Amino acid sequence: MSKLGDLGAKLYRGEVGYDFVGKRKIWYGISILITITAIVGLAVRGLNMGIEFEGGAVFNTPKTSVSVAKAEEVAEETSGHDALVQKLGNDTLRIQIAGVDTAKSDHIKVELAKELDMKADDINADLVGPSWGEQIANKAWQGLAIFMILVVIYLAIAFEWRMALAALIALIHDITITVGVYALVGFEVTPGTVIGLLTILGYSLYDTVVVFDSLKEQSKDLAKQTRFTYSEVANRSINSTLVRSINTTVVALLPVAGLLFIGGGFLGAGMLNDISLSLFVGLAAGAYSSIFIATPLVADFKETEPQMKALKKRVLAKRRAAAAKGESAETPVSADESPQDAEPDEDSAPAVVGPRSGPRAQPTRNRGRGRPSGKRR
C-alpha cells in the first residue's frame, strides 16, 4: 500500500489524526483575514467587467505582426476609452473597447485599419449593447440566488438546518474569495467566469456533503454514550474523509492549472483565463472551507444545544474521574465501531488522539462450560 493510502487507512481507523475542530479559531481567523483582503480589493479596485456585461465593441484583426502594446496604444488613442488587446494563437488580435455605440464603432474600425496598416474590410467588428450585458448580469445573479436556495433546502432535508447554514456560510466564503482575487489581479469578468464560479460551488458542496454524511452516521444516538463529545465525532469525520477530499481536489486542480498557467499564461490564450482562474481559486477555497470552516461551524452550532452541552459535561467529568484514579483514557473508537455503539461505562479520550493503547478485548467465553462460546465439543 502507498504511503498516502496507508495514512488514509490510519486516519479512517482513528489511529492518527489532526485536531481540526479543536483549532477552529485559527482557521476562522485565517478565513476572516482572507475575506477582508478580498472585500478591500473589491472595494478599491473593483471588477474588470467584460463587454458582455458593460457593452462595447470587439474587433478581430487578420494575421498581423503588430505587437499587443502597439495595438492597445492605437485603440485607446482612436477610441478615447480603455482597450483590452489579446493576441490569439494564429497571430490575430482581439481588441475589446467598452462603452462605444454603432456609429463610433465604425469610425474606430476605419482608424484602426489605417494605423495598423490593414484593410478595414478585413477587420471583423461585433457590437454588444449595454442592455444585453445588463440582462446577462441579472440572469447570473438570479441563477446564483436560485442555486443557493435549492442547496439550503436540500441540505436541511437531507441532514439538518445547522449543516445547511454551515454549508451556506462556506459557499459565501468561497464566492467572496474568488471574486476578491479577480479584483486584485484585474482579470476580465465574462460569462465564462460566471460558469466557472457556479461549477466550483458544486465541487465545494461535494466535499462538504461527504464529511456531513460521515458525521451524520457517526453521531446517531450520540447522547446515549459518555465517551465522545460532538466536536470529537465531527473531528473524526473530517479525518476519516481527509485523504479522499485531498485526492479529489488535486485531481480536479491539475487540468485547471494546465488551462490557467500553460494555456492562459505560457501559450498566451488569454480567453482561457476567464474560466480557469475562477475554477482554480474556487476549487482551492472550496477544499479549504469544507475541511476548516463548514464542519467546525456545525460543531459550534450543535454544541449550543442543551443536550450536547450536557453530554460534553458528562464526558469531561468522566475523564477527570478516570485521570484522578490514574486510569488511561486513550481508547479511540475503531473503524467498525461507531460512537453510538460505544459502551456508556467505558472511559476514553477524544475520538482522534493517536494509536490505540491497552490490551485487546478477550473473546467472550461460555460461562456455563468455561470454554469459548464458538468452540465445539
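The values are calculated or read from the model by the stated rules, or taken from the named source; none is laboratory data. This is a predicted model, so every value here is computed, not measured. Neighbour counts are summed over all protein chains in view; Cβ atoms, including those assigned to glycine, are modelled from backbone coordinates with ideal geometry. These area figures cover heavy atoms from the full protein model, side chains too; ligands, DNA and RNA do not enter into them. Shrake-Rupley method; radii C 1.70, N 1.55, O 1.52, S 1.80 Å.
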Practice task
State yes or no: is residue 200 open to solvent by less than 60 Å² (accessible area, probe 1.4 Å), in the same structural domain as residue 278 (by TED's automatic domain parsing), under 29 Å from residue 56 (Cβ atoms) and at pLDDT 90 or above?
Solution key: no
Fill in the blank from the handout: Going through (1) over 14 Å from residue 32 (Cα atoms); (2) in contact (Cβ under 8 Å) with a residue 24 or more places away in the chain; (3) among the small types (Gly, Ala, Ser) one by one, residue 170 fails only at (1)
Problem - Options 194, 179: the member that is assigned to a helix (DSSP H, G or I), of a type in the set (Val, Ile, Thr), assigned by TED's automatic domain parsing to the domain that holds residue 139 and buried (at least 22 other Cβ atoms within 10 Å of the Cβ) - result: 194
Practice task
Give the residues of the stretch 203-239 that are more than 22 Å from residue 173 (Cα to Cα), hydrophobic (A, V, I, L, M, F, W, C) and open to solvent by 10 Å² or more (accessible area, probe 1.4 Å), sorted by residue number.
Solution key: 223
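Condition check ((1) assigned to a strand (DSSP E or B); (2) open to solvent by 30 Å² or more (accessible area, probe 1.4 Å); (3) not basic (Lys, Arg)) across all residues:
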{"site": "38", "(1), (2), (3)": "no, no, yes"}
{"site": "64", "(1), (2), (3)": "no, no, yes"}
{"site": "77", "(1), (2), (3)": "no, yes, yes"}
{"site": "95", "(1), (2), (3)": "yes, no, yes"}
{"site": "100", "(1), (2), (3)": "no, no, yes"}
{"site": "105", "(1), (2), (3)": "no, no, yes"}
{"site": "109", "(1), (2), (3)": "no, yes, no"}
{"site": "114", "(1), (2), (3)": "no, yes, no"}
{"site": "140", "(1), (2), (3)": "no, no, yes"}
Completion exercise
Of the listed residues (29, 17), the one being modelled with pLDDT under 85, in the same structural domain as residue 242 (by TED's automatic domain parsing) and open to solvent by less than 60 Å² (accessible area, probe 1.4 Å) is 17
Problem - Cβ-Cβ under 7 Å pairs, at least 6 apart or on other chains, the stretch 294-315 side under 20 Å from residue 26 (Cβ atoms), far side part of a helix (DSSP H, G or I) and open to solvent by 90 Å² or more (accessible area, probe 1.4 Å) - result: 303/309
Exercise for the section: Looking only at the stretch 100-116, decide whether some residue is under 21 Å from residue 193 (Cα atoms), at pLDDT below 80 and under 45 Å from the mean Cα position of the chain (by Cα). Expected result: no
